[in-house]
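One structure is given below, encoded as structure tokens.
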Amino acid sequence: MRFFGKALIALFATLGVLAVGLAGVGLLALSSLGRQAEPLPESMVLTLAIDGAFPETGGDDPSQALMAGLLGERPRPSLLAVSQALTQAATDPAVRGVLVHVGEAGLGMAQAQEVRDAVRAFRASGKPALVFAETLGEFGGGTVPYYVASAFDQVWLQPSGLVAATGFAVRQPFARALLDRLGLEAQFETRKSFKTAASALTDPALSEPGRVALSAVVEGWMGQVVQGVAADRSLAPAQVRALIDRAPLLAQEAKEAGLVDRLGYADEVETAITQAAGTTQRVPLARYAADLARRTPDKEARRVIYLSASGPVVLGDGRQGPFDDQEIDGRALAAAIDKAVQDPKAVGIVLRLNSPGGSYVGSDVVWRAIARARDRGMPIIASLGDMAASGGYFIAMGANRIVAQPGTLTGSIGVLAGKVTFGKASADLGVTWDGVSAGRNAGLFSPTEPFDEAGRARLGAVLDAIYADFTAKAARARSLSPVALEAAAQGRVWIGADARTQGLVDDLGGVAQALAAVRSAAGLDPTTPLDIVRGGTGEDLPWLLRAASHFEGAHAVAALMRGVATVVPLLEGVEGVRAPLALPPLLIE
């Protein structure tokens, strides 16, 4: 009883905090409902900081942007927003140029290539696009940041900085000896030889298949960087490779080699872009993207639903929280696809995927939703981010077409399962285990004892069935013979360029190519304007909050309501909690 008493006290305290927060932020919002967001200047330079991966999900929600501001954080536009904003800015007479700051950019190869594509599209307008960095890596780690920077008109580097574009290296720890010393045993079944994710626990070093696959990845990425930099900087590929082998390069060395245009400090770059663009006005790209989102779509525009899913795939409960971009709830994503199909104005769906894989069952739930959509005549284009492998590829393979960047990690058509047991470690510590069970395999995944022969055989049979289903569906979807599909499968990860050669991917590119594929699949003219509508995010907020999101300050109400919508379901399991909340059902869906 003491526990329940304390629990109730904690709950009422929580409710009190929520109530005060709602009231306070609500007053803030209501006080600013009459004040619309300040209009953009008539001439401006867009600014953007690249200091980490761009969010694939969320990121553009006005309520989240304001909450980030309240917490002292800088709102980060999503990758979609960056791509769309730069594309629109190319033809917007008010935008006179772009200035980007590259920091310790933790971008994956696919995101880097997406940004490069958008920058090149902007540069085609003839407007200046400058990039500045204090340093492009310090003694290493600067390969991808420089790869991004090389796409701009001018690369500015602080005189004390380095160009540490040293290439790519993969180092993987192997804990087999440590587990043996601790009395832990790792047992995993894989389908097939290239499915090496568990080898860090079971092997003492890279297996030959693992070495082959990883070598192809790093060599493929290196070739893409060399070719891209050579084209952007008017250098021969052999020169670029030689410079990478010499790196890290001092700032003056990088300038003399043609990798950098100007050496200077941040204030000097500001002066340069002002002179080139003819304006001192600076507008963050995130604000420009938000303004684009508020504009009324072209009357001729056709609606495309953009669904973005990131993280490991789980079966889920279909109630993925609005702040949850760390995993893909299979049931929730399938429901979002079904909802998009029901939109009478939608002509197609872009499904953006960034996932290392996960639940076979959860992936299959989404695969079936895609099949339902296609049966009803709704084209779906899969756009792959940094990674869409294993379960991520399982989802993607059902789409009409698959678009991946050359550096995307994809494929990994295979399966693994197993466990780590600590029975020996317990015995060494003087702890023994005993108990009872009903069912031959009731303890199949018990961590106290290893698989017996019959249990391991049953596990193997399950994996055989999953692998057979995966490969059969992939062969049908990709119009490949079983032999050709098997050659591309076996658990092997491919970069996007190689995946296209294997028949696993249709087109190389990013969001722009995916939208072009939607137009084609929907029978539209290539120049037909599109109204890109994010699906599965923010559509269940009350209409008043959606309307209020066009005004400054009011976004906080939506953000806090979303927080309540996330917290309330966690409290519903305690008897009597839901009644005292008395919240409208709309907020807890």
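The values are calculated or read from the model by the stated rules, or taken from the named source; none is laboratory data. Just so it is clear, the model here is predicted, and its values are computed rather than measured. Virtual Cβ from ideal backbone geometry, glycine too; neighbours counted across all protein chains shown. Note: areas computed on protein heavy atoms with side chains; ligands, DNA, RNA excluded. Shrake-Rupley method; radii C 1.70, N 1.55, O 1.52, S 1.80 Å.
Every residue, every condition in (1) under 21 Å from Ser479 (Cβ atoms); (2) of a type in the set (A, V, I, L, M), yes or no:
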residue	(1), (2)
Ala332	no, yes
Val347	no, yes
Ser355	no, no
Val361	no, yes
Arg372	yes, no
Met378	yes, yes
Ile381	yes, yes
Ala399	yes, yes
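Going by what's in this entry, would Leu201 be described as within 30 Å of Ala465 (Cβ to Cβ) and open to solvent by 30 Å² or more (accessible area, probe 1.4 Å)? Yes; evaluated as a whole, the condition is true for this residue. Taking the range 348-364 as the range and being surrounded by fewer than 22 Cβ atoms within 10 Å (Cβ to Cβ) and of a type in the set (Val, Ile, Thr) as the test, only Val361 passes. The residue that is nearest to Thr421 (Cα to Cα), among those in the range 434-469 that are open to solvent by 70 Å² or more (accessible area, probe 1.4 Å), part of a loop (DSSP other than H, G, I, E, B) and not acidic (Asp, Glu), is Phe445. Looking only at residues in the range 255-297 that are touching a helix residue (DSSP H, G or I) at 6+ places or on another chain (Cβ under 9 Å), open to solvent by 20 Å² or more (accessible area, probe 1.4 Å) and aliphatic (A, V, I, L, M), the one that is nearest to Val240 (Cα to Cα) is Ala257. Give me the pairs, please: first residue somewhere in the range 123-143 and in a strand (DSSP E or B), second residue anywhere and among the hydroxyl-bearing types (Ser, Thr, Tyr), beta-carbon distance under 8 Å, and either six or more positions apart or on two chains. Partner pairs satisfying both residue conditions: Leu136/Tyr146. Taking the criterion of being aliphatic (A, V, I, L, M) and either without any contact (Cβ under 8 Å) to a residue 40 or more places away in the chain or surrounded by 19 or more Cβ atoms within 10 Å (Cβ to Cβ) (or both), would at least one residue in the range 170-177 satisfy it? Scanning the range 170-177, I find at least one residue that is aliphatic (A, V, I, L, M) and either without any contact (Cβ under 8 Å) to a residue 40 or more places away in the chain or surrounded by 19 or more Cβ atoms within 10 Å (Cβ to Cβ) (or both), so the answer is yes. Of the listed requirements (1) closer than 30 Å to Ala489 by Cα; (2) outside any helix (DSSP H, G or I); (3) without any contact (Cβ under 8 Å) to a residue 40 or more places away in the chain, Leu235 misses just one: (1). Mind checking whether some residue in the range 212-226 is in contact with a Leu (Cβ under 9 Å, 6 or more places away or on another chain), buried (at least 20 other Cβ atoms within 10 Å of the Cβ) and modelled with pLDDT of 95 or more? Within the range 212-226, not a single residue is in contact with a Leu (Cβ under 9 Å, 6 or more places away or on another chain), buried (at least 20 other Cβ atoms within 10 Å of the Cβ) and modelled with pLDDT of 95 or more. Scanning the range 188-220 for residues that are farther than 22 Å from Ala487 by Cβ and either in a helix (DSSP H, G or I) or not acidic (Asp, Glu) (or both) yields Phe188, Ala198, Ala200, Leu201, Thr202, Pro204, Ala205.
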